[in-house]
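If you scroll down you'll find the structure; I have some questions about it.
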Amino acid sequence: MIEIKNLVKKYGQVVAVNDISFKVKEGEILGFLGPNGAGKSTTMNIITGYLPSTSGTVEVDGYDITTHPEQVKKRIGYLPEQPPLYKDMTVTEYLNFVSDLKKAPRNKRKSELSDIMELVGLTDHRKRLIDNLSKGYRQRVGLAQALIGNPKVLILDEPTVGLDPKQIVEIRRVIKGLASDRTIILSTHILPEVSMICERVVIINKGQIAAEDTPDRLSNNLSGVSKLNLTVKGDKDKVLKTIGNIPNIKYITMTTKSEESVYKYVLETKNNVDIREELFFRMADNKMPIIELKPSAATLEDIFISVVSNAGITQTEEE
Ligand code: ADP
Ligand code: MG
């Protein structure tokens, strides 16, 4: 549905987007994840035709944004980072105004707008001035304007930014509801958001794609045995020394004392090396019984930090 190839955007000397390519299939919700300044808004502004690219191509439903901007814009509903809301209009007035801009057919307008307002939960607020709405409701108005004309594709730039936790939950529910028959790209710098809403994630950092996969697979690839939770009975200094002597250990963190002379440790190994057997025998040799030993799965947060810092939680080679 959306195909981005070798996209580059330079603002003078600043390379905001540096050769990124990805596809979004019809009906998919793609999470576009990255820290502030990564290039998310720039990419979205190019996809929606609000900014020209420096080079590269964007196709939406087979139409190229440079050669067929009108065809592309017709298919896209865009919630920019700062939706241009007119605060002295009521919700209905504003949505009518946007309908005019989008040249939505007049005969069906009333029913279209009432359907949209119902969908995003604005019906009870339709006569209110936008100026008097809370941030959460203004965001719904932003979503509503994106939905006018029933676009097949929605591009949502940080739709939950600035909302309180309750509003965030509500907006997420609205977005999930929209997903059934639409293709969505949603940007965020908030991690849990992508695992909650998105089927696939593209992580972008400094204008380049750093990772791309399903949230689950991203976690699984990096889980395995690289991080172990260990509980051992024995003198903690002796335990730390014994563990420290095992090859391929990267970090040891001692967390808490759980009962008399029983401590919990977190171990990280290099290159996904499995040290469990080694650990077992060394502890046994030293008469320090292992009470518990279990691998800990990498969270999406671990992955994000790993990818974004380029440090690699499992890949770091040290000498
Ligand atoms: P994100 O949305 O991921 O936070 P942006 O796309 O807004 O990132 O910005 C990417 C980079 O481009 C940043 O370094 C930002 O400072 C720069 N940038 C964005 N807009 C402009 C602009 N109009 N002029 C110059 N630099 C810009
Ligand atoms: Mg942005």
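What nm value, rounded to one decimal, do you get for the distance between residue 70 and residue 241 when each label is placed 7 Å out toward the C-beta?
Reported label-point gap for residue 70 and residue 241 is 8.1 nm.
May I pose another question? Can you give the angle from 0 to 90° between the axis of helix 300-309 and the longest principal axis of the chain, with both taken from C-alpha atoms, to the nearest 10?
Tilt of helix 300-309: around 90 degrees.
Going by Cα centres, segment 254-269 and segment 80-138 are how many Å apart?
Distance between centres, Cα-based: 56 Å.
Within the set of other residues whose C-beta is less than 14 Å from the C-beta of residue 86, count the net charge using Lys and Arg as +1 and Asp and Glu as -1.
Result for the local shell: -1.
Among 49, 147, 249, pick out the residue whose Cα is farthest towards the positive end of the charge dipole of the chain, where Lys and Arg carry +1 and Asp and Glu carry -1 on C-beta, about the Cα centre.
Ranked along the dipole, the leading option is 147.
Can you return the aspartates and glutamates within cross-link range of residue 206? Criterion is Cα-Cα under 14 Å, with same-chain partners fewer than 8 residues away left out.
Result set, ordered by chain and number: 19.
Also, quick follow-up: Once the cut-off is 18 Å, how many percent of the Cα-Cα pairs in segment 1-145 end up in the long-distance tail?
63
Please tell me which of these pairs span more than 23 angstrom C-alpha to C-alpha: 5/40; 110/135; 238/294; 108/135; 23/74; 152/176?
110/135; 108/135
Taking all protein chains in place and a 1.4 Å probe, what share, in percent, of the accessible surface of the chain do carbon and sulfur account for?
49
Once the Cα gyration tensor of the chain is diagonalised, what are the square roots of 5 times its eigenvalues, in whole Å and ordered largest first, as equivalent ellipsoid semi-axes?
49, 23, 15
Once amide H atoms are built 1.01 Å from N in the peptide plane, which residues 5 or more positions from residue 212, or in another chain, come under 5 Å H to H?
Hits under the 5 Å cutoff: 203.
Another one. Add +1 for every Lys or Arg and -1 for every Asp or Glu among the other residues with Cβ under 14 Å from the Cβ of residue 231, and state the total.
Overall, the nearby charge balance is +3.
Additional query: Only Cα pairs within less than 10 Å get springs; with that Gaussian network setup on the chain, which residue of 210, 16, 284 has the largest fluctuation?
Highest fluctuation of the listed residues: 284.
Pulled fully out, how much extra length does the chain show between residue 273 and residue 196, if you take 0.36 nm times their separation in residues and subtract their Cα-Cα distance?
Here the answer is 24.6 nm.
Something else about it: Tally the DSSP beta bridges in the chain and give the antiparallel ones as a percent, rounded to 5.
Taking every DSSP beta bridge with both residues in the chain, the antiparallel ones total about 70 percent.
Quick check for me: using +1 on Lys/Arg Cβ and -1 on Asp/Glu Cβ, what's the dipole size of segment 1-86 about its Cα centre, in debye to the nearest 20?
160
Taking every alpha carbon pair in segment 70-169, what does the distance histogram look like in 10 angstrom bins from 0, in percent?
Bins of 10 Å from zero give 16, 51, 30, 3 percent of pairs.
Magnitude of the Cβ-charge dipole of the chain, K/R +1 and D/E -1, about the Cα centre, nearest 20 debye?
Here the chain has a charge dipole of around 860 debye.
Evaluate the distance, in nm, between pseudo-label points positioned 7 Å from the Cα of residue 206 and of residue 258 along their respective Cα→Cβ axes.
The two pseudo-label positions are separated by 4.0 nm.
Something else now. Might you work out the accessible area of residue 156 for me, using a 1.4 Å probe with all protein chains in place, and round it to the nearest 10 Å²?
Probe radius 1.4 Å; accessible area of residue 156 about 0 Å².
The values are calculated or read from the model by the stated rules, or taken from the named source; none is laboratory data. Please read all numbers here as calculations on a predicted model, not as lab measurements. Because the Cβ atoms are built from the backbone with ideal geometry, glycine has one as well, and the counts that use them run over all protein chains shown. Please note that ligands, DNA and RNA were not included when accessible areas were found on the heavy atoms of the full protein model with its side chains. Shrake-Rupley method; radii C 1.70, N 1.55, O 1.52, S 1.80 Å.
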